[in-house]
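Okay, so here's the structure we're looking at.
The values are calculated or read from the model by the stated rules, or taken from the named source; none is laboratory data. Everything quoted here is computed from the prediction, not taken from an experiment. Note that each Cβ is placed from the backbone with ideal geometry, even for glycine, and that neighbours are counted across all protein chains shown.
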Amino acid sequence: MSLRKKMLTLALVTLLVPWFGFQLVQELEQYLREDDANALAGAARTMARALPEPFLTALQAPADQLPLRKLTREPTLDGYHNDWSQPDISTRFTAPDGSPQLDLMAGRYGRQDYLFLQVADPTPGRRQAAGTEANRAGADHVLLYLRDARGLRQFRIQAAAPGPLLVSSQSPGGGQLQGYWLDTPAGYALELALPPLTASSALSLAAVDVQPDSAGVERRGEAGTLQAGRPRIWLHPLPSHEALQDWLEAVAPPRARAWLVDGNGWVRADTGPRHEAAQESPAWLERVLYRLLVSQQMDRSPARSEHQLRSTEALVQEALAGRSAQVWSGDPYTAAIRNTVAEPISQGGVTWGSVVLEADTDGALLFANRTLGRLLLVSLLLMVLLVAGIWLLSTRLSRRVLSLSTAVSEAMDDQGAEPKLPLVGDEDELGQLARNNERLLRSVKDYNRYLQQLAGRLSHELKTPLAITRSSLENLASQPLAAEAMPYLERAREGLDRQTALVRAMSEATRLETAVRTADWTRIDLSELLRGALEGYRSIYPHRRFELTGTEQPLSYHCAPDLLVQALDKLVDNAVSLTASDALVTIGLAQHEHDLCLSVSNSGSRLPEQFQDQLFDALMSVRDPAAGGTHLGLGLYIVRLVAEAHEGQVQAKNLPAGAGVRFSLVLPRN
């Protein structure tokens, strides 16, 4: 991994800063909600204890009450309940055998009262002809009894077809009722307009299903408060308590919705949802953030209806059982979170009802969003600045290291030039490293220069001692010697010959360095030069196999021919000396787009991997000393000098599958 990537990975650790900040704001939001919940529970507890004594009687309604819901608009008598509030809440009556089933609703708009009956009857029966008593008796119908200041009135409601009804009382002077009969897939619906009901009024009704059995005898099923067609239970209308409503609105917290529930779960007073125009509404992004911010999981449920009629929630049932209750819920469409508390209203060890308060967390939402927004903004800004700073620092550091590495590599390749490295004037650690590298490279170059000049100096210094030694051996050989001394004389001559060869090789290297600078350059046919050299090698090594490739076409090249031939001689001599007599030596010429390659390949030998980069240095030899011969390590060094004189380079590598070794001169085309 590069230095910049490592630094960037380290910079990503700064992401922990906004994460810890998010956790902190989350704890703060939870603390605010718990504080609001405690305050709301305390307010509900105070209201439950402060309920005036006269209002307790309003909560002690009998079980046979019929709540009158407050209608927001005047219902149209059409048999549909779309103009009734909360049509899913009704009073249900079921016949003993399960059919029919009656759902009853009562409502008030202005001074007019209404009834809505939804009857589930899988076997409806309708009278065949109006005015025929036989047919009227054998048809499904609804019996309704009204008891008020005018006395007891009975109504039998049935229809020959769906549509509006005008029902006359079966009691003398009972008046008429307007209504509408609507057939439904499950049975029928009946909507009636009633005379105004008072606190002393009562009603009893039932949906009657008439059908013959297998013997032809009529069987009657009743769902309602009648038994055998006579009132068994009287339902008392339960209108809203205005004084209780006023008291509740006066004592309820200003930002909370409050309602009072009696022992049967019916809502007796309700302040309705609180709408505060001045409240700032959070944007959708703030609500998304707040949803993520809320730590605890909670149920998602839509807001309660504007007019509560009856509460069957577990929260209210817990309070009616005499225990305080609290629940958090979230709106599925917004980020609003509601806190609802319920406190029992008890007196004398008896629970008469419950106070329920509901408040949302818009205040905490706005506060938490602002806090989270500031925190995220500051954290993001700091993180961006920190990451940018680390990235710039790592980029600058990486470039400095790369420039130093490139300069060191170039200085190592160009061993003749004085090393000049960047950053040597810097005062930091990289500057110290650059200065150390410069000193090291200078020492290496001085040592290499010493080694390069060593051959010339030795050859010059050893010529005179060798000449004296040779003349002494010749004089000694001219004298009569004992037979035992002759082997020693021969060994001295052999050693002298080897030393003379070494001095000759060192002199040759020294002369070549001078010849490189003074060589004659001309344009020749390189293919023809190689073909001529090949003939010379075959005559010098008649028992060797040689092969020439890539010289089929003429190749014009501007070069120093003598230097190229001398380099080729060194490579061929190296290949011949390292291989067996039956090994093949291949001289090749390959042309590329920007350069050409002059190579000498041989089979049967391999180069050690650890010395391949040092083969072309002066006085460097990897041959086995036990193999014999004179090898100073100057042959390949001469090849490198020739390649550098032609602005090229020399390479050596092992051929795949142990096929041998290839030495190559890569020269630029001209």
Tell me, please, whether a residue that is in a loop (DSSP other than H, G, I, E, B), buried (at least 18 other Cβ atoms within 10 Å of the Cβ) and modelled with pLDDT of 80 or more can be found in segment 595-612. yes
Just to be sure I understand, how many residues within segment 424-444 are part of a helix (DSSP H, G or I) and either in contact with a helix residue (DSSP H, G or I) (Cβ under 6 Å, 6 or more places away or on another chain) or among the aliphatic types (A, V, I, L, M) (or both)? 7
Considering every residue within segment 472-487, establish whether at least one is assigned to a helix (DSSP H, G or I) and touching a residue at least 60 places away in the same chain (Cβ under 8 Å). no
Only one of (1) among the β-branched types (Val, Ile, Thr); (2) more than 30 Å from Leu16 (Cβ to Cβ); (3) modelled with pLDDT of 70 or more; (4) buried (at least 17 other Cβ atoms within 10 Å of the Cβ) is not met by Thr312, so which one is it? (4)
Just one of (1) hydroxyl-bearing (Ser, Thr, Tyr); (2) more than 27 Å from Ala515 (Cβ to Cβ); (3) at pLDDT 90 or above trips up Tyr557, so point out which. (2)
Residues of segment 101-125 classified as out of contact with any strand residue (DSSP E or B) (no Cβ under 9 Å at 6 or more places or on another chain) and either over 20 Å from Gln65 (Cα atoms) or of a type in the set (Asp, Glu) (or both), total: 1
Cβ contacts < 9 Å: first residue outside any loop (DSSP other than H, G, I, E, B), restricted to segment 67-83; second residue at pLDDT 85 or above and acidic (Asp, Glu), any location; separation 6+ or different chain. Result? Leu68/Asp113
Flagged in segment 245-272 as surrounded by fewer than 19 Cβ atoms within 10 Å (Cβ to Cβ) and either in contact with a Ser or Thr (Cβ under 9 Å, 6 or more places away or on another chain) or outside the structural domain of Phe55 (by TED's automatic domain parsing) (or both), in numbering order, are Gln245, Glu249, Val251, Gly263, Gly265
Identify, from the list Leu564, Leu571, the residue that is modelled with pLDDT of 90 or more, more than 17 Å from Asn670 (Cβ to Cβ), aliphatic (A, V, I, L, M) and buried (at least 20 other Cβ atoms within 10 Å of the Cβ). Leu571
Of the residues Leu102, Leu152, which is in contact with a Ser or Thr (Cβ under 7 Å, 6 or more places away or on another chain) and at pLDDT 85 or above? Leu152
With respect to Asp183, is the statement that it is out of contact with any strand residue (DSSP E or B) (no Cβ under 6 Å at 6 or more places or on another chain) and among the acidic types (Asp, Glu) true? yes
